[in-house]
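The values are calculated or read from the model by the stated rules, or taken from the named source; none is laboratory data. Everything numeric in this text was worked out from a predicted model, so none of it was measured. Backbone-built Cβ (ideal geometry, glycine too); neighbour counts: all protein chains shown. These area figures cover heavy atoms from the full protein model, side chains too; ligands, DNA and RNA do not enter into them. Shrake-Rupley method; radii C 1.70, N 1.55, O 1.52, S 1.80 Å.
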Amino acid sequence: MITPQVKESKVIFGPCRLSYTHVFNRYNPDGPQEEGKFMTNVLIPKDEKETIEAIKKAIEEAKKAAIVSKWGGKEPKKLDMPLRDGDEKDDENYDGMLFVNAKSNTRPGIVDRKKVPIVDEEEVYSGVWAIVSVTFFGYDKNGNKGVACGLNNIMKFKDDEHFGGRVSAESDFGDVELDNEDDEDL
């Protein structure tokens, strides 16, 4: 774990696991992709107390700012909050985790541990570990009020198993032996 960096409502933290990861292309489950967002769920192990406290602090800063800028000087009684309990989700990958759904209208910066940009979309996937930069902000949209999580940047930390059981082609075909004679039959 890195020591979380908090500046007002922005937090840099990790390593954490990414899930439902769409960070190279926009994603919209309900319509045209060009109207979608870049997004990923960021899973934080519940025992990462320092990280969780840093995130809660940034969320409180976002709430304070939104009271003035979005909510007419007072905190609404009902607020949607971004930090959620993974144990309440029907997905074993979320067990023992808290998570935020981080989104952005612009593509996040994506780098490796040496801070070299990653351009291969296969490198950042659901299940990978990363250091992330997010910013929390208040919203008031169509009568719904709350705090959302904006996705800034991602640093790949390490590979792990793909969520959903996906494996590489190299792994699937690693034990397949082909004879040169097989080419003649094609």
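Assorted remarks:
- Here the Karplus relation 6.51 cos²θ - 1.76 cosθ + 1.60, evaluated at θ = phi - 60°, turns the backbone of the stretch 70-79 into coupling constants of 10, 10, x, x, 9, 6, x, 5, 10, 10 Hz, with x for every Gly and Pro.
- Put a dot 7 Å past the Cα of D30, heading toward its Cβ, do the same for N144, and the two dots end up 0.7 nm apart.
- For the set S69, S9, the ranking by accessible area, highest first and with no ligand, DNA or RNA atoms included, is S69, S9 under a 1.4 Å probe.
- Note on surface exposure: K63, K7, K158 rank K7, K158, K63 by accessible area, highest first, 1.4 Å probe.
- Coordinate range of the alpha-carbon atoms in the stretch 1-84 per principal axis, descending: 36, 36, 21 Å.
- MRE, 222 nm, helices only [DSSP H, n ≥ 4, -39500 (n - 2.57), over the chain, to nearest 500]: -4500 deg cm²/dmol
- Most fluctuating residue given options M81, M39, M97, as computed from a GNM of the chain linking Cα atoms under 10 Å: M81
- Answer label for P(r) over Cα pairs in 5 Å bins from 0, in percent (calculated), chosen among (1) 1, 8, 16, 21, 19, 14, 9, 6, 4, 2, 1, 0; (2) 1, 8, 14, 17, 18, 15, 10, 5, 4, 3, 2, 1, 1, 1, 0, 0; (3) 1, 6, 9, 8, 7, 8, 8, 7, 6, 5, 5, 5, 5, 5, 5, 4, 3, 2, 1, 0, 0, 0: (2)
- Extension gain, E60 to K78: 0.36 nm times the residue separation minus the Cα-Cα distance gives 5.0 nm.
- Separation in nanometres of the label points that stand 7 Å from Cα toward Cβ, at K49 and N101: 3.1 nm
- Per-residue ³J(HN,Hα) for the stretch 124-129, Karplus 6.51 cos²θ - 1.76 cosθ + 1.60, θ = phi - 60°, Hz, x for Gly and Pro: 10, 9, 5, x, 6, 9
- Within the accessible surface of the chain, defined with a 1.4 Å probe on protein heavy atoms only, the carbon and sulfur portion equals 46 percent.
- Degrees separating the helix 49-69 axis from the principal Cα axis of the chain, which is the longest one: 50 degrees
- Accessible area in the full protein assembly, largest first, 1.4 Å probe, for V116, V111, V11: V116, V111, V11
- Assigned charges on the beta-carbon of Lys, Arg, Asp, Glu; the chain dipole about Cα centre (debye): 2740 debye
- Of the residues G73, Y94, I55, the one whose Cα sits farthest towards the positive end of the charge dipole of the chain is G73 (charges of +1 on Lys and Arg Cβ, -1 on Asp and Glu Cβ, taken about the Cα centre).
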